[in-house]
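What follows is a short report on a single structure.
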Amino acid sequence: FTLFQLADKNETEKSGVLSFPLNSLPLEKEIIVEEVSSLNLLKEIFSKCSSGNLDVRLGFSLCMEEQDFLRKRKKYVAAALKKILHLEEDLKEHEAMVAITTTGGGTRSLTAMYGSLLGLQKLNLLDCFSYITGLSGTTWTMANLYEDANWSQKYLEDAINDARKHVTKSKISCFSLDCLKYYYNDLMERTKEGHNTSFIDLWGLVIESMLHDKKDEHRLSDQRQAVDNGQNPLPVYVAINLKSNYSAQAFREWLEFTPYEVGLLKYGASIRAEHFGSEFFMGRLVKRLSETRICYMQGMWSSIFSIDVMYVWNLAADSEDFWCRWTRDRVKDIEEEPFLSMNPYEVDTCLFTPSSILSSALRDVLTGRPTIAQYPNFIRGFQMHNKYLESEGFSTWKDTVIDCFPNKLMETADDELSLVDTGFFINTSYPPLLRSKREVDVILHLNYSGGSQTLPLDQIAKYISGQGIPFPKIEISEEDRENLKECYVFEDADSPQAPTVLFFPLVNDTFKKYKAPGVERTPEEMPEGKVDVSSILSPFTTREVCFSEKNFDRLVKLTDYNILNNEKLIIQALRLAVARRKQRNY
């Protein structure tokens, strides 16, 4: 059964009329009755719902488009594995399902991810992967790459050079008068179309200015051209939905975004990617809006950084020296831990009063909580099935007390999804890869957290295992915790359902002495190996939005090297995964 029910089917068949439950009305409160036109619209919706022809896909299976993608991707994966593992026979049903998961970290993770992917490409491993998941800063890398329909089939140096140009440019221009005019006009146009607008949308436009030279017209659904033939891994972006008055630690619901669908993992409810942001009721699309541009999505996926933009905006009233003041004040607060409350609802409502006429005009669209993006709730109008707790799919992601109270989960007040960066809860993009239908065998965990957050895997593993999801035990010695190595392999031989995890922390270990695997640095080259990615004085702290050309190149070379230097461990994990698949199939 699905988790939702629109009406009692037997009663409907007897009477020929769609019935639906009525909630009791509060006493001594004014009740506003909708206009007749709205009631007519509801009748039309109910009529369509009774036929079972919904615009919301219900169920925990993969959508048909993703299944078709996987069939096509298998050809690339099988050929790549045969070449890498030096197999004599072609792989048919034994190819392993391999995926990449990343963590956030702003411009640091944007840059570091390019280096990791470059290393995988040099080893001819990119075609082995079927999925790439990202959050926060790595969504910036992914969105840029997937503008090119054949990015993984081309040498990545060109994409890296383009990213280098934008990462190293001054970000003062993002707050120029021309940019402010553009932000204002675009936000007003978005408002007229019927979309909610908030500070997150301004942050999305700032991201666009940071990473592009002009307006970026790409949408999430446009990325289908990069996967429809199976030529690249399927990108999956994540966010979490919160409830008012609850912190992310107390309540959250995982959402995944692919070029095909946007889905709430816990409910098994999905809509087409181009319909995200449109309005739904009882499973039907009732008001279609234009698809949201990718920069606004990036603003939501990385909303944990939007508070910094708010800070800059308030300083912008004194425009000539605001950037210097921003840098100066940031030195006082250089810790890697987010300074935001883990409850985004505790961040005060923003009311901006900058001095210029244009800035004042922007104020109307910039009021609201600066870390929460609100989008129409596409499961609005549904009611929970009376046996929803028996659903294996729901139970997998049932991780809060509220989950046992259907009236709290589906209360009518939740007309909007309140979406935030998953970093408010946990810095990971694992959940989409742990859906049982995806059957992932090997996960490359590319960790780009810095400072005290270099080893978040313990916390992630505890959360995943607590959900009853098969996951290997994480055991790292105290000595290693003090001086992390470049790669760790975790597997559970007793649980064939548990994926093998290759964990790549962001560390500078042997790179200090070696410029390439097995090639030592000369005394003159030793300074190139001094890449500080962990101290509070690191040039790669989470809040740095601009790197020098030298630091950009060093970070890319470091993450590239860390992949290349651990080729044997990656190959070994792939070989084992193929053998396990073969054993299961026979």
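The values are calculated or read from the model by the stated rules, or taken from the named source; none is laboratory data. Nothing here was measured: the structure is a model prediction, and the numbers come from that model. Glycine gets a Cβ as well: all are built from the backbone with ideal geometry, and neighbour counts include every protein chain shown. Calculation scope for accessible area: heavy atoms of the full protein, side chains included, ligands and nucleic acids excluded. Shrake-Rupley method; radii C 1.70, N 1.55, O 1.52, S 1.80 Å.
Odds and ends about this structure:
- Residues being out of contact with any Ser or Thr (no Cβ under 8 Å at 6 or more places or on another chain) and crowded, with 20+ Cβ neighbours inside 10 Å - total across the stretch 272-283: 6
- Condition met for E193 (closer than 23 Å to S221 by Cβ, touching a His at 6+ places or on another chain (Cβ under 6 Å) and open to solvent by 40 Å² or more (accessible area, probe 1.4 Å)): no
- Pairs with Cβ under 7 Å, 6+ apart, first in the stretch 123-134 and farther than 19 Å from R71 by Cα and open to solvent by less than 10 Å² (accessible area, probe 1.4 Å), second of a type in the set (F, W, Y) and at pLDDT 95 or above: G134/Y237
- Considering the stretch 62-175, the qualifying helices (runs of 4 or more DSSP H), each wholly inside and each with 2 or more residues that are touching an Asp or Glu at 6+ places or on another chain (Cβ under 8 Å) and under 23 Å from P456 (Cα atoms), run over 106-122.
- Of residues in the stretch 546-586 being of a type in the set (K, R) and over 26 Å from K171 (Cα atoms), the one surrounded by the fewest Cβ atoms within 10 Å (Cβ to Cβ): K568
- Filtered residues of the stretch 217-238 (kept if open to solvent by less than 10 Å² (accessible area, probe 1.4 Å) and under 26 Å from Y184 (Cα atoms)): L220
- Applying the criterion of being at pLDDT below 95 and touching an Asp or Glu at 6+ places or on another chain (Cβ under 7 Å) to the residues of the stretch 300-317, the residue that is surrounded by the fewest Cβ atoms within 10 Å (Cβ to Cβ) is I304.
- Selection within the stretch 81-100 - open to solvent by less than 10 Å² (accessible area, probe 1.4 Å) and either more than 30 Å from F425 (Cα to Cα) or among the small types (G, A, S) (or both): L81, L85, A96, A99
- Residue check for T103: open to solvent by less than 10 Å² (accessible area, probe 1.4 Å), farther than 20 Å from V501 by Cα and in contact (Cβ under 8 Å) with a residue 24 or more places away in the chain: no
- A248 vs. criteria open to solvent by less than 10 Å² (accessible area, probe 1.4 Å), over 25 Å from D68 (Cα atoms) and either free of Cβ contacts under 8 Å to residues at least 60 places away in the same chain or not acidic (D, E) (or both): yes
- Close pairs from the stretch 201-225: first in the same structural domain as F175 (by the TED database) and in a loop (DSSP other than H, G, I, E, B), partner open to solvent by 10 Å² or more (accessible area, probe 1.4 Å) and at pLDDT 95 or above, Cβ under 6 Å, at least 6 apart: H218/E147
- The stretch 524-545, residues that are crowded, with 16+ Cβ neighbours inside 10 Å and in contact (Cβ under 8 Å) with a residue 60 or more places away in the chain: V533, S534, S538, F540, T541, T542, R543, E544, V545
- The strands (runs of 3 or more DSSP E) located wholly in the stretch 441-510 that include 1 or more residues which are open to solvent by 30 Å² or more (accessible area, probe 1.4 Å) and among the β-branched types (V, I, T) occupy 488-490.
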